[in-house]
Amino acid sequence: MAFIPPKETYPGRVYSVSIGTGQKEITVGGENVLSFHSFEGTVPNRPLIAHEIQDVPPTDWPESVQKPYIDVYANPVSWAKYCQDVLNAKAIALRLIGTHPDRENRSAEEAARTVKEVVDSIDIPLIILGSNHTEKDSSVLIAAAEASKDRNCIIGKAQEANYKTIAAAAVANNHKLIAMSELDINLSKQLNILITQMGFDKEKIIIDPMCSALGYGLEYTYSVMERIRLAGLAQNDPTMQQPIMGDVGMYVWKVKETIADEKDVPLWGNTEERGITWEAVTAISMLIAGAEILIMRHPKAIEAIEKMIDELM
Amino acid sequence: MALTGVEIFKLLPKTNCKKCGFPTCLAFAMKLAQRQASLDLCPDVSEEARQKLGEASAPPVRPITLGTGESAVKMGEETVLFRHDKKFVNPCVFALGIKDTLSSEEIEKKIDEVRNSVIDRVGQKLKIDAIALLNDSGSPEKFGNLAKILSEKAPEIPVILCTTNLSAAETSAKLYADRKPVIYGANSENFEEMSKIAKNYRATLGIAASSSGGLNELSELTEKVKKLGIEDMVIDSGARKAKEILEHNTLIRRAAIKKNFKPLGYPIITFAQREDNLLETLVAALGITKYSSIIVLSSIERWKNLALFTLRQNIYTDPQVPMQVEQKIYKIGEPTEESPLLITTNFSLTYFIVSGEVENSKVASYLAVMDCEGLSVLTAWAAGKFTASKIAQFIKESGIEGSIKHRELIIPGYVAILSGSIEDKLEGWKVTVGPREANGIPAFMKSRMK
Ligand code: SF4
């Protein structure tokens, strides 16, 4: 029996979305097949890994992932420049976690100042994230969007409770928007529809279906991403054809497996290597499931993922 | 090719006698086509039909067992391409590669590593399942020696005997006769002799296509080997780069499942070994998510095992059964009789997130996890499974009153409405409303400490 490769072609295609400006502008998406399936279609762009930094020192990060940034993290600008110039980051994700009312409770103005300083000090694309406090994010992200006007950033995350203000800020300042819902393809679709009903361009949305760490619900995120991608490609659903984002580092670096000291759990092996591996394995799973943009923390995990992408492209 | 319901129907007796348990032959045929019934249920089916249907109704990926006894592992039997459609059936096998160039001491050390790889995770014992013997030396004697050490010192561990050398294959297969090893290394040059060896010692044969021949060569080889009377095979397309592994594994699984293409309906063996250990781990992760049945590794450090075991567990869970954890009072940290008591439902994701955040708060606590059939807090409350009386009953029966001095229960913010009625039903208790979202727990706990 002769073997005929059972290739799949799909009617749909993921939107190409560009972020950043000038020479360092980057495009993600654009493929008409599942992740890395270049043997049956076109995969014009590689996934983008953004290095995560914060507006305040990462005292809440485990030691293994604080360490690489210990000399630079006191100041978001030096942190961003270190990622860009020394670690060759392709993009930066600035999380304004210090604005959270339970944290430093920084004001929207302070956050905007940080954003302005960071965006002025780098030429690679910037992703601007709030603190995931739906009320506070509305005001913080409006100010942040203005402070980075016309730099073609991604801002977010817009959720059902606050998408209107954040989407309006993205439009007014020429940014892309992250639409985040919680682990459910229907909620994700619904939010995209609500946002586009405001007149927001559907091709400027990035889907965040909510990430989860390896061992802590990863399979839910994995399957939701696969289903979103299949809905966009196979069913040609225009509300599900946006690039997908995985906010990996934030979910990974708070689970036991990335924190626990080897002394306490000898069966788990070296703490640092375990943490890096946890982040890298979570990240590769998200990429295989369909993510085009990842936000990650540990330089070694990012380096490994870039190498793996090289092997997959 | 898979037969359609109507094609199957034509082969059935068409008497509608109902002995199969279905109202009509057609209804039964439809079930057969969806692989939801077995042909054996119809007692009157003709020999001819049985043969035709047998071929077509065999599982698209052949079931193969590696090893015997308690440590035997099942492979194959997969029925879908995406885990959201249906549970992936048999979790892939992890095999540590051991080179025959190592000294006896080094080999024994590796055996110990495999034996000590067992880790308990959410109630499952996870481990490195097998050893792949690698004939790096090219010498049949050295390979035979390695096989001898393993079969004597670690007779329980299933093996994959990787060699293309006939005498090495023969000697090692003999040592493992009737213990269901895989002899891996049947290629276009040696497959006839290799088939004989596999047949003699009742082993599974590993088919290796050249990297240039790929899936075409692989299909031809398995057909030729099958004609020689070998049914049990595992297959390798020669893919080593991640890009090819993804492409070949996807095409193999699709051909088997969507086209019922028998020559590729076998478990896949993937060689993930790399100089760069972290990269190797990622290639193994690709194998786990994308259809490999055996993954050969060059080393098995504990941190690496833990990550790979966990990914395998995640990918192979049943997507249709909401994952649940056991109903009980979980200790987080080392709680004392003064430690706070929180309650939530037993949806595993809820449990993971809540317990993780309690842990992050660094306040030793008791977490009461109540059986709500795997629903999250809001859904369980809406479905009447997380109610004041059920909560009260659970707390009473849990025996927690013997472990703590205080009588304060912290409930999720989403069910704040329940606080009064719980207090009514749990005499002497005070109910405190916690945050709505788990990520508010650390701040909540901190503010209580003040
Ligand atoms: S037992 Fe066989 S003959 Fe009878 S109804 Fe079922 S399929 Fe038809």
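The values are calculated or read from the model by the stated rules, or taken from the named source; none is laboratory data. Fair warning: this is a prediction, and the values are worked out from it, not measured in the lab. Cβ placement follows ideal geometry from the backbone for every residue including glycine, while neighbour counts extend to all protein chains displayed. Ligands, DNA and RNA are stripped out before the accessible areas are found, and what is left, the full protein with its side chains, is counted by its heavy atoms. Shrake-Rupley method; radii C 1.70, N 1.55, O 1.52, S 1.80 Å.
One line per residue, one yes/no per condition, for (1) outside the structural domain of B:L375 (by TED's automatic domain parsing); (2) over 26 Å from B:F82 (Cβ atoms); (3) surrounded by fewer than 21 Cβ atoms within 10 Å (Cβ to Cβ); (4) of a type in the set (K, R):
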{"site": "B:E231", "(1), (2), (3), (4)": "yes, yes, yes, no"}
{"site": "B:D236", "(1), (2), (3), (4)": "yes, no, no, no"}
{"site": "B:A256", "(1), (2), (3), (4)": "yes, no, no, no"}
{"site": "B:P263", "(1), (2), (3), (4)": "yes, no, no, no"}
{"site": "B:A272", "(1), (2), (3), (4)": "yes, no, no, no"}
{"site": "B:S298", "(1), (2), (3), (4)": "yes, yes, yes, no"}
{"site": "B:K304", "(1), (2), (3), (4)": "yes, yes, no, yes"}
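For A:G232, indicate whether it is on the phi > 0 side of the Ramachandran plot and touching a helix residue (DSSP H, G or I) at 6+ places or on another chain (Cβ under 6 Å).
no
Look through A:T258, A:T282 and report the one residue that is touching a Leu at 6+ places or on another chain (Cβ under 6 Å) and either open to solvent by less than 10 Å² (accessible area, probe 1.4 Å) or at the interface with chain B (Cβ under 7 Å from one of its Cβ atoms) (or both).
A:T282
Assuming B:K109 fulfils every condition listed in (1) outside any helix (DSSP H, G or I); (2) more than 10 Å from the ligand (Cβ to nearest atom); (3) open to solvent by 20 Å² or more (accessible area, probe 1.4 Å) apart from one, which condition is it?
Checking B:K109 against (1) outside any helix (DSSP H, G or I); (2) more than 10 Å from the ligand (Cβ to nearest atom); (3) open to solvent by 20 Å² or more (accessible area, probe 1.4 Å), the one that fails is (1).
Taking the stated definitions as given, is B:P435 under 13 Å from B:L342 (Cβ atoms), open to solvent by 30 Å² or more (accessible area, probe 1.4 Å), within 14 Å of another protein chain (Cβ to nearest Cβ) and not in a loop (DSSP other than H, G, I, E, B)?
When the stated conditions are applied, B:P435 does not pass them.
Among the residues of the range A:261-275, count how many are facing another protein chain (nearest Cβ under 10 Å) and open to solvent by 10 Å² or more (accessible area, probe 1.4 Å).
9
Considering only the range B:399-415, how many residues are under 19 Å from B:L375 (Cβ atoms), open to solvent by less than 40 Å² (accessible area, probe 1.4 Å) and part of a helix (DSSP H, G or I)?
Matching residues across the range B:399-415 total 2.
Which residues, counting only those in the range B:332-366, are in a strand (DSSP E or B) and either more than 14 Å from chain A (Cβ to nearest Cβ) or within 26 Å of the chain's Cα centre (by Cα) (or both)?
Hits for the range B:332-366 are B:L341, B:L342, B:I343, B:T344, B:T345, B:F347, B:S365, B:Y366.
If I ask for residues that are part of a helix (DSSP H, G or I), in contact with a helix residue (DSSP H, G or I) (Cβ under 7 Å, 6 or more places away or on another chain) and either closer than 23 Å to B:R254 by Cα or more than 6 Å from the ligand (Cβ to nearest atom) (or both), which ones from the range B:2-32 would you list?
Hits for the range B:2-32 are B:G5, B:I8, B:F9, B:L11, B:L26, B:A29, B:M30, B:L32.
Name the residues in the range B:314-331 that are outside any loop (DSSP other than H, G, I, E, B) and open to solvent by less than 20 Å² (accessible area, probe 1.4 Å), would you?
If the condition is that a residue be outside any loop (DSSP other than H, G, I, E, B) and open to solvent by less than 20 Å² (accessible area, probe 1.4 Å), then B:N314, B:I315 are the ones that fit.
Can you spot a residue in the range B:33-52 that is within 16 Å of the ligand (Cβ to nearest atom), part of a loop (DSSP other than H, G, I, E, B), at pLDDT below 90 and of a type in the set (S, T, Y)?
There is at least one residue in the range B:33-52 that is within 16 Å of the ligand (Cβ to nearest atom), part of a loop (DSSP other than H, G, I, E, B), at pLDDT below 90 and of a type in the set (S, T, Y).
Within the group B:E70, B:E78, which residue is more than 14 Å from chain A (Cβ to nearest Cβ), in contact (Cβ under 8 Å) with a residue 40 or more places away in the chain, open to solvent by less than 10 Å² (accessible area, probe 1.4 Å) and more than 21 Å from B:K142 (Cα to Cα)?
Only one candidate qualifies: B:E78.
Quickly run through the range A:282-312 and pick out the residues that are within 20 Å of A:P125 (Cβ to Cβ) and of a type in the set (K, R).
Passing the criteria: only A:R297.
Does A:G156 count as small (G, A, S) and part of a strand (DSSP E or B)?
It is true that A:G156 is small (G, A, S) and part of a strand (DSSP E or B).
Find all pairs meeting these conditions: Cβ atoms under 6 angstrom apart; at least six residues apart or on different chains; first residue within the range A:254-269 and within 12 Å of A:W61 (Cα to Cα); second residue among the aromatic types (F, W, Y).
Final answer for the pair search is A:V255/A:Y216; A:T258/A:W278.
In the list B:L205, B:L251, which residue meets the criterion of being part of a helix (DSSP H, G or I) and either among the charged types (D, E, K, R) or open to solvent by less than 20 Å² (accessible area, probe 1.4 Å) (or both)?
The unique qualifying residue is B:L251.
So A:F3 ticks every box in (1) more than 30 Å from A:E104 (Cα to Cα); (2) open to solvent by less than 30 Å² (accessible area, probe 1.4 Å); (3) touching a helix residue (DSSP H, G or I) at 6+ places or on another chain (Cβ under 9 Å); (4) at pLDDT 95 or above but one. Which box is left unticked?
Result: A:F3 passes all but (4).
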